Amino acid sequence: MGILACNACRSRKIACDRAQPSCKRCLLSKKPCEYRARKSAKPAVNSRLKLFEARLGNLESQLVPEDSLSLIRSKAKQEPPSLNHEPTDKWTHHDFRKLFTTDWLGQSLSTIRIENTPEQKPIPEKDIQQRLYDLYFEQVHRSAPIIHKSNFFRALEDGTATTPPLALKYAMWAAAALTSIEYQHMAEGLYILARKHAEDLEMHSTLEQMTISHAQCWYLLAFYEGIRAYFGRAWVSVGRCARLVQMLSLHRLDSPLEEKHVLRQKGWAALEEGRRVFWGAYFGDRCASALSGHPLMIRDEDIHTNLPSSEESFDLGVEEIGISLKQADNADSIAYLSPFAGTIFTTSMVGRTIRHIRAFEHDPPTEINGNYWKSHSEVDTFISLAFLNLPDHLKVCGAQEDMHSVLSQFSLHISVILLHQVAARKVTKQKMSPLVGKNSIQRCLASALQIKNTIYSVKDLKMFSGMMWINFCIYIAAGVLIEDVSTSNPSSTSAVDLGLLLIALKEINAHQTNVNFFARKLESDICRAGIVCSIPTDLRGMAGISIPQQGGVPSPPEDAPYCDTSQHRYS
């Protein structure tokens, strides 16, 4: 222990430099400098020590089962901890989770245990595992084809270090369980375990040990959280996924600087899987930013990875020359986009729209900024060209066969709505020509109508079950129609179309529990706007919406837009 301050400094309660034989203050004041010896701590009284040990043993017996205590004590006797630790790059540890599943106040530190117990079996039986894998590749994989099916099952049977981590398996099982009535009761427990294992994997992995499986896991966790409306967690999971793909250099797989990337050594199929994992993160980043209003994490100018190739070449492992995101702006190149690449390309338009809005969101509301309208015109032109040059297999006529057609159409229409909703509000605030604002409102209405037409061109709406982006796009389109029906001169079809969109939202998630967030929110917005009576009676009955009692719905704030909460309001 260090030397105490001298007696003179201690009595005056001032700082002492504790110099020997005399401190500086005493030397200057020419006073004697004396130090008091530090008292040694009294040893614990033997009787008190025994009392504490008895009380501690009694508390342990109440909190931890006796067999666990005996195991801990025997381990402590057999393996005394070493005080001479050597530095290592890996986290070497014993399984401390068994010690800390319960804190010493008797409160559970975890909502669910990782270990198998007789009462709860978190790892499904083999036949259930196989069924969940089948459901995953039948349902979830269609919208997010980021895992190579053949390589995944081969790695499962391999049993070596290439075996997919448990966190990824749980995430796949949880996402798959949501798509089936038979297994929905298992989904939440599987999700909790997936997140626990993912966090554990993150804590115990060095940068060199991280693989695309880590990113795939966080993408699927965000997918699940978005469906269940765990939005705060979903944004964080998307952020983790986005950072992981950047740490793994998946955003520059086709750059000359990455010729020695580890995925290139594993063959074209592994390289293409890496591309798809990156673009999955990119898609999630754009969707999360549109829903939450948070800034984008992945910039287009940093990307040097080609867009995904066709599903056939990916499944068979046959190399196919891809195109970059920048090349996709060219009318000649866009025709060669695969369905998944088309979804990514159209989602990039959402990103461009968000970047444009963000660049001018802090301008004074009444200040007319010529640069804003110039940027607005450029983004509007990009979106219009994308509509014009979109290949036939991504247009509405192909929507009945491939969900990526619907995703592509919805992303472009949402870009139009976000762009022109903000423009219409700026026109009002800046007191510009009403014709400019009217044109923007008409563009929003046209896109909302196209979203309704597109969703009703699909034979089975349940193919979009659990797809948060589809639900969000329908919800935003419905918001445009609510604004129109609430005006003094609405379109003659807006009320009918609004009822049809509400029915579509409820139909999409009809066989799933606790995933109808947007349907409930839309119904609440319709009641709040006081336009329930405007929807035809037969549609109200089909949608299951009734006329609210007078005074039962709170009045909205003045100028509060419908279906445009503060989470994703841009002006």
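The values are calculated or read from the model by the stated rules, or taken from the named source; none is laboratory data. All values reported here derive from a predicted model rather than from experimental measurement. Methodologically, a virtual Cβ is constructed for each residue, glycine included, from the backbone with ideal geometry; neighbour enumeration extends over all protein chains shown. Ligands, DNA and RNA are excluded from the accessible area calculation, which covers all protein heavy atoms including side chains. Shrake-Rupley method; radii C 1.70, N 1.55, O 1.52, S 1.80 Å.
What to note about this one:
- Each peptide in 228-238, 210-220 gets a packing score, the mean of other Cβ atoms within 10 Å over its residues, and the list from highest to lowest is 210-220, 228-238.
- Cα-only Debye scattering, region 339-394: base-10 log of I(q)/I(0) at q = 0.13, 0.17, 0.20, 0.23 Å⁻¹: -0.41, -0.61, -0.75, -0.89
- Residue pairs exceeding 25 angstrom between C-alpha atoms, taken from 126/459; 126/506; 395/452; 438/459: 126/459; 126/506; 438/459.
- Per residue, the convex hull spanned by the alpha carbons of region 349-459 comes to 87 Å³.
- Residue-span extension gain [residue 429 to residue 315] - 0.36 nm each, minus C-alpha spacing: 35.8 nm
- Ordering 267-273, 26-32, 325-331 by mean Cβ neighbour count within 10 Å, with the highest value first, yields 267-273, 325-331, 26-32.
- Among the protein heavy atoms, those of residue 333 account for about 30 Å² of accessible surface (1.4 Å probe, every chain in place).
- Using the Cβ of residue 484 as centre and a radius below 13 Å, the other residues enclosed give a net charge of +1, where K and R count +1 and D and E count -1.
- The residues of region 395-497 present an accessible area of 37 Å² per residue when probed at 1.4 Å with all protein chains retained.
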